[in-house]
Each structure stands twice: as structure tokens, then as C-alpha cells.
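What follows is a short report on a single structure.
The values are calculated or read from the model by the stated rules, or taken from the named source; none is laboratory data. Fair warning: this is a prediction, and the values are worked out from it, not measured in the lab. Ideal geometry is used to build each Cβ from the backbone, glycine not excepted, and the neighbour counts take in all protein chains shown. Calculation scope for accessible area: heavy atoms of the full protein, side chains included, ligands and nucleic acids excluded. Shrake-Rupley method; radii C 1.70, N 1.55, O 1.52, S 1.80 Å.
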Amino acid sequence: MSKTLTTAALALATIASATASAAFAAEFDDYARVLRVTPQIEQVNYPQQECHTEYVPVQRQQQRGIGGSIVGGVAGGLLGNQVGGGSGRAVATAAGAIAGAIVGDRVENSSAGTFTEQQPVRQCRQVDNWQTRNNGYAVTYEYHGHTYTSMLPYDPGERLRVRVSVAPRM
């Protein structure tokens, strides 16, 4: 017998054997009795950011104004101009302008300096947020005197539909 013929005969025998085995295999659905259902629970952390606003005292330096000096100098100069005569009038005008500028500056900037104000500051922190999650059910069931356990995504109740496959042992 040639090598090609032997290989072909062997392949044909294998196919025939598989077909014969498949002809004897049977599959059907049946029901098994559920013995126990255990939810598969896990704790999962979903951290979250928790924020709030705090008010913090902050000291600031107030800007000095020049408007009071200008108005006071003009007013002092006008008043000084009303006093005296001749060359004394010019001296009185200058002295009145200087005195008026000093008084006007002190009046405008009497409260100048440092002051405290409240500034909002946002404070945040990470906090744990634990949640319970169901990952399915461990189902223990009995079928024809044998006990099995499988993980299922649902609770099957009192009965579980099972796929039964029967084939002869070779």
C-alpha cells in the first residue's frame, strides 16, 4: 500500500469515528435543585474631594492719597494770601499753602496704615467613599446526586436550568 493511500485511509477512519461518536452524543436542558446562593460582595473605595471655604485675616497697607494735600495747599495759599501786604503777602501765601497741604494730608490719611480684611481661601482634602458592590452569586446546586458550585451574575431562585451533555465514554 502506498504512503498516500495509508494516510487517506487513516484520515477517513478518524472522520468516521468522530461522526459515530457525535451520533451518540446528546444534549438537553434540565433543572437542578439549588442548595445555597451566596452573594459575592466586595467593598470598593471611590475617593472623593471634599472642599470648603475658610476666611483668613490678611493685613494690608493702605495707599496714601494726595488729594487732601492738594486741596489743603490751595486753601491754605488762599487764606495766606488774604493776610499781610506787599512782600509779606507772598510769604504768608507760601506759609499758608505749606500748612494747608500738611493739614489736608493728615485729614485724608489719618486712617492710613495697615488694616485687616478677611480673604476667602478654598481648602480641599481627599476623603474615602467606601461602597458595597455585588459581583455575582456563588450558587451550589445538586443534580442527580452530585453537588456543583458555579458563579452566576444572578440569583437563580430554587431551581437552576442546566445544560446536560451525554456521550459514551471511549
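For the pair Trp130 and Asp29, what calculated FRET efficiency results from E = 1/(1 + (r/R0)^6), where r is the Cβ-Cβ distance and R0 = 35 Å, to the nearest 0.05? Please report the intermediate quantities before stating the final value.
Values: r = 41 Å, r/R0 = 1.17.
About 0.30, to the nearest 0.05.
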Cα-projected label distance for Val44 with Gln119, points at 7 Å along beta-carbon direction, nm: 4.2
Tell me, what HN-Hα J-couplings in whole Hz come from the Karplus equation 6.51 cos²θ - 1.76 cosθ + 1.60 at θ = phi - 60° for each residue of segment 97-102, using x for Gly and Pro? 5, 5, 4, x, 5, 5
Give me the one-decimal nm value for the distance between modelled label points at His146 and Ala167, 7 Å along each residue's Cα-to-Cβ direction. 1.4
How would Arg122, Arg60 rank on accessible area, largest to smallest, probe 1.4 Å? Arg122, Arg60
Under the Karplus relation 6.51 cos²θ - 1.76 cosθ + 1.60, θ = phi - 60°, what is the ordered set of whole-Hz ³J(HN,Hα) values for segment 140-155, x standing for Gly and Pro? 9, 9, 10, 9, 6, x, 10, 9, 10, 10, 9, 8, 10, x, 9, 8
For Leu78, what accessible surface area do you get with a 1.4 Å probe? Give it in Å², rounded to 10. 110
